[in-house]
1. When A:Gly249 is evaluated against the numbered criteria (1) buried (at least 21 other Cβ atoms within 10 Å of the Cβ); (2) on the phi < 0 side of the Ramachandran plot, which criterion, by number, is the only one it fails?
2. Do you know which of the residues in the range A:104-127 that are touching a strand residue (DSSP E or B) at 6+ places or on another chain (Cβ under 8 Å) and polar (S, T, N, Q) is nearest to A:Val183 (Cα to Cα)?
3. For residues that are within 27 Å of D:Val257 (Cβ to Cβ) and within 12 Å of another protein chain (Cβ to nearest Cβ), scanning just the range D:11-31, find the one that is least open to solvent (accessible area, probe 1.4 Å).
4. Which one is farthest from the other protein chains (Cβ to nearest Cβ), of the residues in the range D:163-176 that are farther than 13 Å from D:Val205 by Cβ and open to solvent by less than 50 Å² (accessible area, probe 1.4 Å)?
5. Consider C:Val299 carefully, then state whether it is surrounded by 24 or more Cβ atoms within 10 Å (Cβ to Cβ), of a type in the set (Val, Ile, Thr) and part of a strand (DSSP E or B).
6. Would you point out the residue of the range C:258-269, among those that are over 16 Å from the mean Cα position of the chain (by Cα) and within 14 Å of chain D (Cβ to nearest Cβ), that is farthest from C:Arg47 (Cα to Cα)?
7. Only one of these is modelled with pLDDT of 95 or more and more than 13 Å from chain B (Cβ to nearest Cβ): D:Glu179, D:Glu150. Name it.
8. Taking B:Asn342 as meeting all but one of (1) polar (S, T, N, Q); (2) in contact (Cβ under 8 Å) with a residue 24 or more places away in the chain; (3) surrounded by fewer than 24 Cβ atoms within 10 Å (Cβ to Cβ), write down the number of the exception.
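The values are calculated or read from the model by the stated rules, or taken from the named source; none is laboratory data. Small disclaimer: the values here were computed from a predicted structure and weren't measured. Cβ sites come from the backbone with ideal geometry, for glycine too, and all protein chains shown count toward neighbours. Heads up: the accessible areas ignore ligands, DNA and RNA and are worked out on the full protein's heavy atoms, side chains in. Shrake-Rupley method; radii C 1.70, N 1.55, O 1.52, S 1.80 Å.
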There are 4 protein chains.
Amino acid sequence: MEVESVADLVARYEQACGSSIPQAAYDFIAGGSGEEISQQEAVGAWRNFRLRPHVLRNVEDVDTSTTALGTPLRAPVIAAPIAYHSVAHSDGEIETARGVSAAGSLMIVPTRASTPLADIARALGGPWWFQVYFVRDRELTRRIVADAVELGATALVLTGDTPYVGQKRRGQLPPIAPEHYLVNFGKYMQPDAEFMYATSQDPTVILDAVQWLRDVSGLPVIVKGLLRGDDAAACVEAGAAGVIVSNHGGRQLDRAVPAVSALAEVVAAVGDRGEVFVDGGVRSGIDVLIALSLGARAVMLGRPVLWALGAEGAPGVERVLRGLRDELSHAMALAGVNRTANIDRSLVR
Amino acid sequence: MEVESVADLVARYEQACGSSIPQAAYDFIAGGSGEEISQQEAVGAWRNFRLRPHVLRNVEDVDTSTTALGTPLRAPVIAAPIAYHSVAHSDGEIETARGVSAAGSLMIVPTRASTPLADIARALGGPWWFQVYFVRDRELTRRIVADAVELGATALVLTGDTPYVGQKRRGQLPPIAPEHYLVNFGKYMQPDAEFMYATSQDPTVILDAVQWLRDVSGLPVIVKGLLRGDDAAACVEAGAAGVIVSNHGGRQLDRAVPAVSALAEVVAAVGDRGEVFVDGGVRSGIDVLIALSLGARAVMLGRPVLWALGAEGAPGVERVLRGLRDELSHAMALAGVNRTANIDRSLVR
Amino acid sequence: MEVESVADLVARYEQACGSSIPQAAYDFIAGGSGEEISQQEAVGAWRNFRLRPHVLRNVEDVDTSTTALGTPLRAPVIAAPIAYHSVAHSDGEIETARGVSAAGSLMIVPTRASTPLADIARALGGPWWFQVYFVRDRELTRRIVADAVELGATALVLTGDTPYVGQKRRGQLPPIAPEHYLVNFGKYMQPDAEFMYATSQDPTVILDAVQWLRDVSGLPVIVKGLLRGDDAAACVEAGAAGVIVSNHGGRQLDRAVPAVSALAEVVAAVGDRGEVFVDGGVRSGIDVLIALSLGARAVMLGRPVLWALGAEGAPGVERVLRGLRDELSHAMALAGVNRTANIDRSLVR
Amino acid sequence: MEVESVADLVARYEQACGSSIPQAAYDFIAGGSGEEISQQEAVGAWRNFRLRPHVLRNVEDVDTSTTALGTPLRAPVIAAPIAYHSVAHSDGEIETARGVSAAGSLMIVPTRASTPLADIARALGGPWWFQVYFVRDRELTRRIVADAVELGATALVLTGDTPYVGQKRRGQLPPIAPEHYLVNFGKYMQPDAEFMYATSQDPTVILDAVQWLRDVSGLPVIVKGLLRGDDAAACVEAGAAGVIVSNHGGRQLDRAVPAVSALAEVVAAVGDRGEVFVDGGVRSGIDVLIALSLGARAVMLGRPVLWALGAEGAPGVERVLRGLRDELSHAMALAGVNRTANIDRSLVR
């Protein structure tokens, strides 16, 4: 009686997507920028760490729960913001939301969602965060943030690493039907040439955007895409409640350092001034344990969510998220720690 | 006229088991937990060390003998505790004991033996150690320890890294006949549901178990499964006579550091307060020389014993153990050391 | 809609040359000296660096321009001196010059050009530099330098790493028609045995050649082929305006360090006393960004120019040079720097 | 017109031996001890070093000559002591001697030669060194040393790493005809059982053997087989004129450090109290340059001599030795050094 690991499960889901969704959709999800060096090394980067477990600790009662910006989490695993879930499933983010909700996890809903925010929020039925891309038209940006606030978003994630979209070797544009493209801006503008410009990334956004977002939303803001301690410090000094260490799944600057390798530096720079998250390459409960040992509050999952979504819909998403919680619980027991708060830096080498 | 190395011999034995014992039995022995990363890197971890032999030393008379907790050993090589030898041979631990005895080595008899302790002790005919798993029913634990003491065990090995059994990719349960399952508890209870719970691992065991074992047995106790200096120090301070550095053959927390890479840290932490042993991946006399150079008192052999047992029974076990002694003797001569006590840290790099 | 990276483009050009130009010509371009270790590791050496991009910087207006010895460059990418472009294209350096000129880049015209300097200079139609080999006949050297000055060269590049031509595994002599061999010396001598000696490399050239070149030309001189800080310091102290860190594309001393790995040492040794350039293995805008982060003023391109020349002539050369500029611009934006002057050491790890 | 490198030449010779000499002979030469880890990594260990050549040095006149214990050498390349050259060629060491002599190199004639010392000495026709194994019968040892002295040996090489012959995976005994076995002892004893014991390695030999050899021979003595600075210092303090850093071609203690990786430590320990040589894995003039940069006086060649001997006899041996001299000369020129005395530590990294 074998227990399938999450890593194996995700690999199986990815393979299933390889045959069930269009090749262009598969490539859009799988691909990285440039020579895909960062994309390829993300998973392996976690495997380079080794653990130093404790023995003879009472681990009958292991609890994986934690909080993220005050939101309670059953496990430190969050669905990362990903554009256009419709590439993997016809119900897009709504179906993802069903799976996340069933798993009791937290979803970061993207600006570039392919389904209406209201429907996603309804499917989630609990707290959620909203990821913000500043588009050229600042008023559009303000409106979509206001929509998210009204629909119950409890925090904003400002993506900082995408002044332009990284050049992808396998194709640049999301292979989705026009009616799914930037649907949440669509109610404010016609999809014409002006719309294309108005909704493209604004490359002039700088650090003061953090305060602007706080002002227009009244919500805590975290910045996503950091790989340096100095940038992280600047973010919390500019009012951010935390940061997400990420190289955008290897989709922005190729050869950017793996997120996990920048984690300790960022954690040290932020100190107790904010919460630090990390994404990119997480595939197992042991990866989550490593992330927490290095000081992360929680990890975020990108491609695994889409592969699960494409292969099995909401039940697949739930299975991946629950699987990680189970694996983390097991790994914590074998490492001799029964609370996430007891995980410390000495566990990893 | 070629001399087969122990590494080649063990590889041949493993291959033989691949065809002679059931696949499930093979997998149970070979498998590791999680993605089997720790399992796969164990053997190679020894090969990363390089030796700095001495020249022009008188090595006509090389003596590999030593002691372990006072027990004289012809060579610093001990049969590690392994559950359910019946997966490899119909006579199980009894057959192993015949081979260990013939080689003049020491056997650590497991709690989860698949044959009666009395028969194993008789086959050994000399000093032996008993490995202790704390099961949920503390009274059962006390009784089996008392049985071991009465049957002549001279030391106890408390396994500290198994509050739960690690999740194995290739299957979790030992593929053995019911009559071999926990046979040494069977005389105290019927094999019903209550029995399954009562004999499962007790995840609440903490450091004071060392003193408890000393009290109930009057024997010295060593703790197995350590990979950290701080844990090792805590063990000897809690009354342990020594520790076994081990990642449980890659069968508990995957990605735990290779035992050999934690050895020097543990040796430094223990100092002269106890004896340090190591297991995991040892396949040659040179590996043994490296272990001793890093401060180990002796090494322990796991899978190689089972492969030998499955392929040739007791004569196979004897051959592996004698082979390691011969290789160690040869390696000591070529390294310019004629006594195990003369092996020092400067021999390895 | 895929965007072909320069690395892929150059690989495709090289492959095309593999079928379109003679095998001996292909080997002459591709080959390295000795066991080709330095040749093989050049491209990979850049890939070992990882980037630490900034976020939330205004990068709407990215400018890749810079200057090299005062010459304005649209991007920090220069066509390195390469002997005998006729191996790749019937119009040789003239065709290269057309491509370089179209791209608005700078070409370093080689002493061992296979076409007349006057024709190359005309095709360039703007500033260019001349690469100097000291041949046995110093008067010939003086004359060819004078020709270059008269034809508008604005700087001299003294190649310092070629007292003899490195032994190539794949063949030593350029597979070109006699009329292309050292054509620019041909007007001063008949191609007889004396000519062969007179035009062979002068292995007695030492550091005072820098001042000699300055005196006879009135131009700034940079030294090419350095891999050590002490040599670089000696060059600027001897009057050089800068240096080019290079192992000659792995064509001189095999197992010489990769140029990029010597770059930081040379930059530190030169300080603000001169400009530092680098060549060898550059294949992408990210490589250029790394070079600039490590302190280079610009990179130089060798084989990629010849592969482009052989595959598509001037348009191919232009495409590679423009492609690198575009990739650098994109990489700068994603790294959060909008001016080459803002690129600093902290960007790379 | 390609120039075959010595590395390629030796590889070709080895391949030729693979078909022209008996398999057992091939295996005896090629094989290493244990798992052949040291044997396999010897050649690659040199390739890990990288060079930092100088530029703009006058290298018209490059001179590779040096001395070894006062013996002039045209290049710092010596034929290492190797047992039983008859495995590769019917004339054994005599044929080797012809090749060494033709190349103007130096040969270290082995105790375990398969042809009479007198014939070897005659074929050499110049200075030579004698390698000494202490056999169980000390008087036999004294006699064979006395023979060597009488026949003109000018130095002795005491092999210190062979108290016993290392266990070889591919077979232990030299596959030679009985009349070639220890021929130089044969004149003193009948080849009976007593002879076998008397001529076996003496594992009791210690450091005072150095002085004993000096006393009985009046010649300088160097010790071969060192891999540690402390051992090297002890040797020169015991009267040795130098040492040879070697792991015996991976034929003694497997996993002993590669000779080149121990070289700098030994050079530092010996200082100016003796000369340091190195063998194991040298295949190119660049290897020789690296050895000299690390402080070696000269390198020694083992298997390449036998492969050349087996493939082409004396002309092959000469070709390998001359080839290394030519490659060293070329490498020195490209590294900017024209005398072996000018080669320093800064050339390698």
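1. Against the list (1) buried (at least 21 other Cβ atoms within 10 Å of the Cβ); (2) on the phi < 0 side of the Ramachandran plot, A:Gly249 comes up short only on (2).
2. Among them, the one singled out is A:Thr111.
3. Of everything passing the filter in the range D:11-31, D:Gly31 is least open to solvent (accessible area, probe 1.4 Å).
4. As a first pass, look at the range D:163-176 and keep what is farther than 13 Å from D:Val205 by Cβ: D:165-176.
Next cut, open to solvent by less than 50 Å² (accessible area, probe 1.4 Å) only: D:166, D:168, D:171-172, D:174, D:176.
Working: D:Gly166: 6, D:Lys168: 8, D:Gly171: 5, D:Gln172: 6, D:Pro174: 12, D:Ile176: 15 Å.
Of everything passing the filter in the range D:163-176, D:Ile176 is farthest from the other protein chains (Cβ to nearest Cβ).
5. Details: surrounded by 24 or more Cβ atoms within 10 Å (Cβ to Cβ): yes; of a type in the set (Val, Ile, Thr): yes; part of a strand (DSSP E or B): yes.
So C:Val299 fits the description; yes.
6. Narrowing the range C:258-269 to residues over 16 Å from the mean Cα position of the chain (by Cα): C:261-262, C:264-269.
In the following step, the residues that additionally are within 14 Å of chain D (Cβ to nearest Cβ) were identified as C:261-262, C:264-266, C:269.
On the way: C:Ser261: 11, C:Ala262: 15, C:Ala264: 16, C:Glu265: 19, C:Val266: 20, C:Ala269: 24 Å.
Looking at the filtered set, the residue picked out is C:Ala269.
7. On the way: D:Glu179 fails: modelled with pLDDT of 95 or more.
Step by step, each of D:Glu179, D:Glu150 is checked, and only D:Glu150 is modelled with pLDDT of 95 or more and more than 13 Å from chain B (Cβ to nearest Cβ).
8. In the conditions (1) polar (S, T, N, Q); (2) in contact (Cβ under 8 Å) with a residue 24 or more places away in the chain; (3) surrounded by fewer than 24 Cβ atoms within 10 Å (Cβ to Cβ), B:Asn342 misses (2) alone.
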